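Data first, discussion second: the structure below is written as structure tokens.
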Amino acid sequence: MGDATGEITSSPNVPDSNESFRTSRPDIVGSDVPDAPFPIKLSGPVQHGFGRGSKDLGCPTANLPDDSLPPMIDAGTGVYYGYAQVTPSEGTSSLSDQDVCVLPMVMSFGWNPFYNNKRKTAEIHIMHEFKTDFYGYDMKALVLGYIRQELRYTSREALIEDIEFDKRVALKSMARPGYEKYKTDPFFTV
């Protein structure tokens, strides 16, 4: 359902999270090399999101502007994995050398039905402990695979448990040689 601005005013039907789904998940996903439509390239300045990742879920996210999302439209909503890199903008450099490396990431792309979002968002969690915020810095993300569909959660605890499992799945899936090579992809050096 849309309004006059084209913004969605209710999230589409998303399946509920259930215990049988949560106990039967594989710990490695995808083939040995990224299949179409991957890799998907996203880039833009990191912007403020809803402030929920760190506070509510213990999983800080870097959010990209809405205009960086069109390449993801055909891939569908859900949780994805790949690599990301944050680089200081001109005249800023509060990040360490370890902070600007190409790092593993997981990304939620969709409606986030637990929070009743009115529009799709791409929320990227870079698996690294940053000492400072990097709003306004440039970020590039190379999405390499799909972990699972977006789900409607009835408890914050179940959502957090699945987020932690998603992180482990991403790391195991990207440990294969067909994925590791993307850490040095020219996309990150251009």
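General observations
- Interchain or long-range residues, amide H under 5 Å from Y153's placed H: S17, F114
- The ratio of the alpha-carbon radius of gyration of the range 110-190 to the globular-protein estimate 2.2 N^0.38 Å is 1.28.
- Of the solvent-accessible surface of the range 120-190, computed with a 1.4 Å probe and all protein chains present, 53% belongs to carbon and sulfur.
- With a threshold of 23 Å on the Cα-Cα distance, the over-threshold entries among K131/K181; K41/K172; K41/K131; K120/K181 are K131/K181; K41/K131; K120/K181.
- Sequentially through the range 141-149, phi angles give Karplus couplings (6.51, -1.76, 1.60; θ = phi - 60°) of 10, 10, 7, 10, x, 10, 9, 6, 6 Hz, Gly and Pro residues having no value and appearing as x.
The values are calculated or read from the model by the stated rules, or taken from the named source; none is laboratory data. A quick note: this is a predicted structure, and the numbers were derived from the prediction, not measured. The protein model used for the area step is the full one, side chains on, heavy atoms only, and it has no ligands, DNA or RNA in it. Shrake-Rupley method; radii C 1.70, N 1.55, O 1.52, S 1.80 Å.
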